[in-house]
Amino acid sequence: MARTAILGLGHYVPSKVVTNDDLAKMFDTSDEWIQQRTGIKERRYIEESGIGASDLAVPAVEMACENAGIEVAEIDAIIFATLSPDFNFPGSGCFLGDKLGLAGVPALDIRNQCSGFLYGLQIADAWIRCGMYERVALVGAEVHSTALDFSDEGRDVTVLFGDGAACAIVGATEDENRGLIDVEVHADGSGAKELWLEGPASAYKPRLTHEMIDNKTVHPAMNGRNVFRWATAKMPEVSQSVLERNGVTVDELDLVVPHQANKRINEFVSQKLQIAPEKVVHNIQKYGNTTAASIPLALSEAVQEGRAKKGDLILMPAFGAGFTWGAALLRL
Ligand code: UT7
């Protein structure tokens, strides 16, 4: 059976930088509050209307292919993880495939929010190990900025999220010293409404009303304290499970690349697992929470900066809406 590896990584963020002070001009918040509670200093937003998650994904895929040493035309499957698809349907993977000139290449959209990259990695791994596909473009991309509520009411959610994209080219390797070791994912829908975007909804007739707009149903809503509690319980639990199953101790880890939802959550998780702080990658200060893009974006930057190197043993835990959570163990 083939062994799966991340052959190359790429990322892209839009050029528009939005600082905490910029947000404080729009609603009641402050740079101090945001930095203290989340670690975020700034985030990126799309420059103008009309740029979707699939547009952000194009340069990320091109960079990932270059780093993997393959042509874009060699991609034989796309997995597109996003909670903010360009349109309700079809999936962003179809738009992306078209923009990349990949007519006929299968494109699967998955909706697993902050754990989307891990769910996608598990699917790509299974496809590659059974020989179904050879080079999967696993994309995480989000345009959050067009859904946010820029009023006092929405401030708890709005300060957290940013736009961005990243891609991992996942493929087979014969190198015994690298590869994906394990991915474990979970979901518990009892928390579905703790962090969600209710409308427009196919569950309602009509799907969208003026009242829904007035009631702010069209913006994401979150019970932040409860999400925080769950995240700080589930991320260490699933990390421990993956490490124990594979006989790996935290001391053996070279790097931890967690989902970037809140710097405090990741500090809490690493303390609970007794992971040395210098092994934990944070880039939330620059990008906020980019959801499905967050782990591959942080990993891609860590590689670019020389912080993550070939052969490193890396743990990648995540928790997010759904609730969904998981962890992956990778020899880069
Ligand atoms: O990707 C996974 C999804 N998301 C998460 O993992 C997020 C998980 N949750 C969190 O990160 C935190 O709960 C938040 C950062 C969202 C909030 O931090 P907190 O320490 O839990 O604050 P809180 O919700 O308990 O609110 C404390 C105060 C409240 O005021 P009062 O009631 O104490 O007067 C809020 O109204 O802070 C207020 N507040 C704000 N103040 C300034 C809430 N949002 C803001 C804001 N600026 N943006």
Next item on the list: Return the pairs, sorted by first residue and then second, in which the second residue is surrounded by 17 or more Cβ atoms within 10 Å (Cβ to Cβ) and at pLDDT 95 or above, the first residue lies in the range 1-24 and is aromatic (Phe, Trp, Tyr), the beta carbons are less than 6 Å apart, and the residues are 6+ apart or on different chains.
Entry: Tyr12/Leu56; Tyr12/Ala60; Tyr12/Ala165
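Of these, Ser49, Ser54, which one is touching a residue at least 12 places away in the same chain (Cβ under 8 Å), surrounded by 20 or more Cβ atoms within 10 Å (Cβ to Cβ) and touching a Ser or Thr at 6+ places or on another chain (Cβ under 8 Å)? Let's see the steps before the verdict.
Details: Ser49 fails: surrounded by 20 or more Cβ atoms within 10 Å (Cβ to Cβ).
Just a single option satisfies the conditions, and that option is Ser54.
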Item checked: Number of positions in the range 191-232 that are away from the ligand (no atom under 16 Å from the Cβ) and either open to solvent by 70 Å² or more (accessible area, probe 1.4 Å) or among the β-branched types (Val, Ile, Thr) (or both) -> 16
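Against the condition within 24 Å of Val13 (Cα to Cα), touching a Ser or Thr at 6+ places or on another chain (Cβ under 9 Å) and not hydrophobic (A, V, I, L, M, F, W, C), how does Pro277 come out, does it pass? Working first, answer last.
Numbers: within 24 Å of Val13 (Cα to Cα): no; touching a Ser or Thr at 6+ places or on another chain (Cβ under 9 Å): yes; not hydrophobic (A, V, I, L, M, F, W, C): yes.
Here the answer is no, as Pro277 does not meet what is asked.
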Checklist line | Where Gly97 falls short, out of the listed (1) within 16 Å of the ligand (Cβ to nearest atom); (2) farther than 21 Å from Leu299 by Cβ | finding: (1)
Notebook entry, point to check: Hey, any hits in the range 276-299 for a residue that's open to solvent by 10 Å² or more (accessible area, probe 1.4 Å), at positive phi and not assigned by TED's automatic domain parsing to the domain that holds Asn67?
Noted result: no
Check: List the pairs whose first member sits in the range 258-271 and is assigned by TED's automatic domain parsing to the domain that holds Asn283 and within 11 Å of the ligand (Cβ to nearest atom), whose second member is at pLDDT 95 or above and in a loop (DSSP other than H, G, I, E, B), and whose Cβ atoms are under 6 Å apart, counting only residues at least 6 apart or on separate chains?
Finding: Lys263/Gly39; Lys263/His282; Asn266/Pro258
Notebook entry, point to check: Can you name every residue in the range 7-25 that is among the hydrophobic types (A, V, I, L, M, F, W, C), more than 30 Å from Arg178 (Cα to Cα) and away from the ligand (no atom under 11 Å from the Cβ)?
Noted result: Val17, Val18
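The values are calculated or read from the model by the stated rules, or taken from the named source; none is laboratory data. Since the model is a prediction, treat every value here as computed from it, not as a measurement. Neighbour counts are summed over all protein chains in view; Cβ atoms, including those assigned to glycine, are modelled from backbone coordinates with ideal geometry. Heads up: the accessible areas ignore ligands, DNA and RNA and are worked out on the full protein's heavy atoms, side chains in. Shrake-Rupley method; radii C 1.70, N 1.55, O 1.52, S 1.80 Å.
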